[in-house]
Amino acid sequence: MALGRYSRIDGQNSSNYCLILCIVGFVSTCLLAAWMTLSSSISPVRTEITVEEFMGGMPKIVKESQITESDANHNTEPKDQKVVEPEKELNSQKVNQGLVSGDGKETKVEEIDAMKMQDEVINQRENSGQEINENSTDKLLKSDTAGKELPNETSPQPQAMAESEKEKLPEGISVRKHQKDYIWKVCNVTAGPDYIPCLDNTKALKMLHTTGHYEHRERHCPDEGPTCLVPLPKGYRTPVKWPKSRDMIWFVNVPHTKLVDYKGKQNWIKVYDRYLTFPGGGTQFKYGALHYVDYIQQTLPDIAWGKRSRVVLDVGCGVASFGGYLFDRDVLTMSLAPKDEHEAQVQFALERGIPAISAVMGTKRLPFPSMVFDIIHCARCRVPWHIEGGKLLLELNRVLRPGGYFVWSATPVYRKGGEDTSIWKEMSKLTKSMCWELVKVGKDGVNRKSAAIFRKTNSNNCYEERQQNDPPLCEDSDNPNEAWYTPLQQCIHKVAKDSSERGSQWPATWPSRLENPPYWLKDSAKDFIDDHNRWKHVIANSYLNGIGIDWSLVRNVMDMKASYGGFAASLKDLKLWVMNVVPVNSSDTLPIIYERGLFGIYHDWCESFSTYPRSYDILHADHLFSDLTKRCNIVLVMAEVDRILRPGGRLIVRDDAETRSEVRSIAKSLHWKITHYNDNDGLVCIMKTLWRPSEVESTDGAAA
């Protein structure tokens, strides 16, 4: 009975109970909608993206409690921020099973997709006239910034600032009272974001009488260096980090596809989604550079990569996969190719994190000392070595170390008949007259190609015993180390006679050759040791931890005034490489740098460097600018620094107080950020930002 009564009562109230639930649910939904509407009008917690995050600095969240009242008022959600739609997939090759990399392994599509998932596009601001200076508090997003799209910032020229807005410097440092006004404009040139002033001088190129010896690919610098700023490519992103960059780079950073169509079947380069991928192949090593590297050593074990053979010159390097995979064998390769119809090949190399320069075997000597490369490599490099008495091959003889090897992988080595047979006969005759010994011809069964390996003599006996003095020996007055705009000579330089002279002995094996003074240095051995110890101390106690650089994100470095190479030597344990530049008006220490197992180049900083824009992560200048002020306009030099430095990259300057002040002033006008300053050490570290001027040059700068 009781059970029946309770059941009856529940039955009578069930409809009222359901009605109450419906009313409560409706009211809750209305309250939730109202709360969401109100919350959308409240400003979000302020998070700003700075160039430090672009460079990969440690991100952090700015907590609500840390925001000042002025910040809160300033940071209402920008109306002009829009959700950027993902870029449409490029019409390109589809990869079903994976991309073959240079080491013979597969770069799986999943790895590329994982990178794509990290690629969240930064919201762009239409009003991009903000200057990033050292007074602003860094407010970073807590997210991985690799591969972020960067806004092309433009703003009006900086006007005179109020005292409160001026750069705050460490105590004891003051801004010059009569600070100069620097007016910057964007370069108006056909090459656009790829502008190389000394290679894109259209006025000079039009005046050439002949191009039969590749004169149009050589340096022709304008009478006055440009002071304009090269624009950024649209959608420019943080470069992919090494070593993944060896396999893939952002398409928007180097948006060129001609080589994809021309060399894609040879596995030079392919397009996949928003990336350019590099399977590691080449014309002579379609199935991978690392196999090709090992095949060369198997053909001639005496090559001993990374021990006996440390410094290599790769002529006609393409996208530099050969040099890129020689890093795995502890070998440093100077990759060289002209700016020609093989569109942007050197730019691809540098974006990948592989050392390379734009140069051509033409009418001038290469910008290197004599007898410095352990091995010179040419794989279908399209250089006619055999013509005109072997003038171009004699240039290789000049820079090849006595006892060094020339590795030539080309069709005349393994194809019979027609022109190939004729060229092989000419090369055999020429190399014999140069006292080069054909050591081995090895066949690569995988790539179905062959390479001939020649060895340069280390004795003058062969030259003296030749029946004909052809090619002739060079005059004693011909300095083999003169290499800046020096015309090619059709002659052979003798090797060292005395055992104490440079070139008479092979360097110690790597890495022991790095820290010990060369046997031929003699009176300068103490200076060498002092320089090495000095930079070892500076790097360990200042640069690595004290100036705010995340070295794990640094790959391409240049020492603009290298001296003995101590700066580069002290960075040997990091995953980076250093281009050591010895100015032409300085003491010639470049042979010493090569003897250490490092590499470098001659250059005059009153002219533009033969590299593409945005090539380097760090430029290091030790008492360079004070020297240059005696010879050229420092503004021109800073414009060149801006050209070759990547956004987010650092310029490290050590110099006197007056020079540092001027550099700092120019950097401020460029909207760069001073990240470290130490007056006692004479040091300033400056970061390039994304800023570009809003005004464009009225005339074509390359034609002026």
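Quick one: check the C-alpha center-to-center distance for the range 411-475 versus the range 607-661, whole angstrom.
About 43 Å separates the Cα centre of the range 411-475 from the one of the range 607-661.
Assuming R0 = 22 Å, can you tell me the calculated FRET efficiency for the pair Asn678 and Asp550, based on Cβ-Cβ distance, to the nearest 0.05? Don't skip to the end; give the middle numbers.
Working: r = 19 Å, r/R0 = 0.86.
The calculated FRET efficiency here is 0.70.
Considering only protein heavy atoms, what per residue accessible area in square angstrom results for the range 398-482 with a 1.4 angstrom probe?
So the range 398-482 comes to 53 Å² accessible per residue, rounded to a whole number.
Pop out the carbon and sulfur fraction of the accessible area of the range 525-603 as a percent, whole number, probe 1.4 Å.
50
Express the carbon and sulfur contribution to the solvent-accessible surface of the range 284-367 as a percent, rounded to the nearest whole number, probe 1.4 angstrom.
The C+S portion of the solvent-accessible surface of the range 284-367 is 49 percent.
Once you keep just the Cα pairs under 8 angstrom separated by 6 or more residues, what percentage relative contact order results for the range 297-359?
Once divided by the residue count of the range 297-359, the mean separation gives 30 percent.
Round to the nearest 0.05 the FRET efficiency obtained for Leu574 and Glu465 when R0 = 51 Å and r is the Cβ-Cβ distance.
For R0 = 51 Å, the calculated efficiency reads 0.60.
Quick one: dipole size for the range 569-704, taken about the Cα centre, charges +1 on Lys/Arg Cβ and -1 on Asp/Glu Cβ, in debye to the nearest 20.
Magnitude of the dipole: close to 520 debye.
Given points 7 Å out from each Cα along the Cα-Cβ axis, report the Ser500 to Asp223 separation in nanometres with one decimal.
5.1
Quick one: what are the phi-derived ³J(HN,Hα) couplings along the range 306-314, Karplus 6.51/-1.76/1.60 with θ = phi - 60°, whole Hz, x for glycine and proline?
So the Karplus estimates, Gly and Pro as x, are x, 10, 6, 9, 10, 10, 10, 10, 10 Hz.
Dividing the Cα radius of gyration by the Kirkwood radius, what Rg/Rh value follows for the range 232-320?
Rg divided by Rh gives 1.05.
Tabulate in residue order the Karplus-calculated ³J(HN,Hα) for the range 627-635, using 6.51 cos²θ - 1.76 cosθ + 1.60 with θ = phi - 60°, rounded to whole Hz; enter x for Gly and Pro.
Ordered by residue, 3J(HN,Hα) equals 5, 5, 4, 7, 10, 8, 6, 5, 5 Hz.
Residues with amide H under 5 Å of Cys317's amide H, sequence separation 5 or more or different chain, H placed in the peptide plane at 1.01 Å from N; which?
Leu336, Ala337
Work out, step by step, the length gained on full extension between Thr202 and Arg380: first 0.36 nm times the residue separation, then minus their alpha carbon distance; give nm to one decimal.
Between Thr202 and Arg380, full extension yields an extra 61.2 nm.
May I ask you to derive the relative contact order of the range 335-404, considering only C-alpha pairs under 8 Å and at least 6 residues apart, and to give it as an integer percent?
29
Using all alpha carbons of the range 471-522, what is the percent of pairwise distances in each 5 Å bin, ordered from the shortest bin to the longest?
Per 5 Å bin, starting at 0, the Cα pair percentages come out as 4, 16, 20, 18, 17, 14, 10, 1.
Treating only the Cβ atoms of Lys and Arg (+1) and Asp and Glu (-1) as charged, compute the dipole magnitude of the range 247-344 about its Cα centre; round to the nearest 20 debye.
60
If each residue of separation counts as 0.36 nm, what is the full-extension length gain between Glu341 and Ser587 once their alpha-carbon separation is subtracted?
That works out to 84.9 nm of additional length.
Taking amide hydrogens as modeled 1.01 Å from N in the peptide plane, which residues meet the under 5 Å criterion relative to Gly404, leaving out close sequence neighbours?
Answer set, sorted by chain and number: Lys456.
Work out how much length Leu438 to Lys258 would gain on full extension: take 0.36 nm times their residue separation and subtract the Cα-Cα distance, in nm to one decimal. It would help to have the intermediate numbers written out before the result.
Details: separation 180, 0.36 × 180 = 64.80 nm, distance 3.68 nm.
Separation in residues times 0.36 nm, less the Cα-Cα distance, equals 61.1 nm.
Please report the spacing between the Cα centers of the range 586-604 and the range 335-408 in Å, no decimals.
17
Provide the packing ranking of 293-304, 605-616, i.e. peptides ordered by the mean count of other C-beta atoms within 10 Å per residue, highest first.
Descending mean neighbour count gives 605-616, 293-304.
What order do you get for 483-495, 546-558, 590-602 when each peptide is scored by the mean count of other beta carbon atoms within 10 Å, highest first? Could you put the intermediate results ahead of the total?
Numbers: 483-495: 17.3, 546-558: 19.3, 590-602: 25.6.
Put in order of decreasing packing, that is 590-602, 546-558, 483-495.
Enumerate the calculated ³J(HN,Hα) couplings along the range 367-375 in order (Karplus 6.51 cos²θ - 1.76 cosθ + 1.60, θ = phi - 60°), each rounded to whole Hz, writing x wherever the residue is Gly or Pro.
Each residue's phi maps through the Karplus curve to give x, 10, x, 7, 6, 10, 8, 6, 9 Hz.
May I ask you to derive the FRET efficiency for Asp302 and Ala525 from their Cβ-Cβ distance with R0 = 30 Å, giving the value to the nearest 0.05?
0.55
Order 463-475, 305-317, 523-535 from most to least packed using the mean count of other Cβ atoms within 10 Å. It would help to have the intermediate numbers written out before the result.
Numbers: 463-475: 12.7, 305-317: 23.1, 523-535: 15.4.
Highest to lowest by the protection proxy: 305-317, 523-535, 463-475.
If amide H atoms are built 1.01 Å from N in the plane of the peptide, which residues on other chains or at least 5 residues away come under 5 Å of the amide H of Val271?
Correct list: Gln93, Thr277.
Report, in listed order, any pair from Lys270/Lys364; Lys391/Lys497; Lys536/Lys561; Lys391/Lys456 with a Cα-Cα distance greater than 26 Å.
Where the Cα-Cα span goes over 26 Å, the pairs concerned are Lys270/Lys364.
So for the pair Trp484, Glu388, with labels modelled 7 Å out along Cα→Cβ, what separation do we get in nm?
In this crude spin-label approximation the distance works out to 2.4 nm.
The values are calculated or read from the model by the stated rules, or taken from the named source; none is laboratory data. For clarity, every value in this text was computed on a predicted model and none was experimentally measured. Methodologically, a virtual Cβ is constructed for each residue, glycine included, from the backbone with ideal geometry; neighbour enumeration extends over all protein chains shown. Heavy atoms of the whole protein, side chains included, go into the accessibility calculation; ligands, DNA and RNA do not. Shrake-Rupley method; radii C 1.70, N 1.55, O 1.52, S 1.80 Å.
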